[in-house]
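Notes follow the structure.
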């Protein structure tokens, strides 16, 4: 493919088929037939649940909703919409009593650390229930979040397989609409809902539309930062994104092991 042909527009039918086959083959090859998905009410987890249900059958997908006491009404309603639409098995685990002792033990903790604690507690629940359900945890992280490091290490980034990791956020929206994710979920402002009023784009300081177009040049086309500026992107914006990618690269790598033998 020539670089000029690269686009954020995807063939949703083909992408859906590839990802459904991926989920089925990866889980089956590991010796499993079931999946666990953390459903938050957001579009990423909704799309993952839809794809997993198609790949494995809804009776083989356990959708777990894990609210905190400040979780919005929208998140609760939208998680319920996903479970109803997919027919997946349903479980709700309130993490409030699980994380409250942590918060009480560190009264000075700021909201970012609280959010990380909550994300990691949710992953504890998912992995515990995957063992109980004899299944694998299917991840929900997208390419934009992974590249920017907008994820909690060993929290929402932890999973056995990740079907969405090579799709930018704007591509997630395309595919979500194509597979039938309810429109209120697709069209609402993306949010991890870790504290009241939080949205992804406010926290990042830019929109997904803008950063995805930039990442397409930087990553998929291998353009330099200066070439992106020459293409019309604001220089400060480009530098901010480049620095963020470099600073958070460690989150997408396996832990480095000190090499002592020839086959480490």
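The values are calculated or read from the model by the stated rules, or taken from the named source; none is laboratory data. None of these values were measured; they are calculated from a predicted model. Note that each Cβ is placed from the backbone with ideal geometry, even for glycine, and that neighbours are counted across all protein chains shown.
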Of (1) surrounded by fewer than 18 Cβ atoms within 10 Å (Cβ to Cβ); (2) modelled with pLDDT under 95; (3) in contact with a helix residue (DSSP H, G or I) (Cβ under 7 Å, 6 or more places away or on another chain), residue 197 fails just (3)
Could you check, for region 244-262, whether at least one of its residues is in a loop (DSSP other than H, G, I, E, B) and at positive phi? no
Restricting attention to region 100-117, which residues are in contact (Cβ under 8 Å) with a residue 24 or more places away in the chain and farther than 17 Å from residue 149 by Cα? 111, 114
Would you please name the residue that is surrounded by the fewest Cβ atoms within 10 Å (Cβ to Cβ), looking only at residues in region 19-44 that are part of a helix (DSSP H, G or I) and touching a strand residue (DSSP E or B) at 6+ places or on another chain (Cβ under 6 Å)? 26
Conditions (1) surrounded by fewer than 18 Cβ atoms within 10 Å (Cβ to Cβ); (2) under 19 Å from the mean Cα position of the chain (by Cα); (3) at positive phi -> residue 74 fails only (3)
Which listed residue, of 85, 79, 119, is in contact with a strand residue (DSSP E or B) (Cβ under 8 Å, 6 or more places away or on another chain) and either under 22 Å from residue 191 (Cβ atoms) or assigned by TED's automatic domain parsing to the domain that holds residue 183 (or both): 79
Restricting the search to region 79-94, which residues are surrounded by 24 or more Cβ atoms within 10 Å (Cβ to Cβ) and in contact (Cβ under 8 Å) with a residue 60 or more places away in the chain? 82
If you check every pair at least six apart or on different chains, which have Cβ atoms under 7 Å apart with a residue in region 6-18 that is part of a helix (DSSP H, G or I) first and a residue that is surrounded by 15 or more Cβ atoms within 10 Å (Cβ to Cβ) second? 12/174; 12/175; 12/178; 15/175; 16/175; 16/178; 16/179
Among the candidates 181, 238, 229, 242, single out the residue that is touching a helix residue (DSSP H, G or I) at 6+ places or on another chain (Cβ under 8 Å), surrounded by 20 or more Cβ atoms within 10 Å (Cβ to Cβ) and outside the structural domain of residue 78 (by TED's automatic domain parsing). 238
Any residue at all in region 149-168 that's out of contact with any strand residue (DSSP E or B) (no Cβ under 6 Å at 6 or more places or on another chain) and part of a helix (DSSP H, G or I)? no
Spot the failing condition for residue 123; the list is (1) buried (at least 17 other Cβ atoms within 10 Å of the Cβ); (2) not in a helix (DSSP H, G or I), and only one is missed. (2)
Could you list, in sequence order, the residues of region 211-226 that are touching a helix residue (DSSP H, G or I) at 6+ places or on another chain (Cβ under 7 Å) and crowded, with 16+ Cβ neighbours inside 10 Å? 211, 212, 214, 215, 217, 218, 223, 225
By residue number, the members of region 45-66 that are within 22 Å of residue 143 (Cβ to Cβ), crowded, with 24+ Cβ neighbours inside 10 Å and free of Cβ contacts under 8 Å to residues at least 40 places away in the same chain are 49
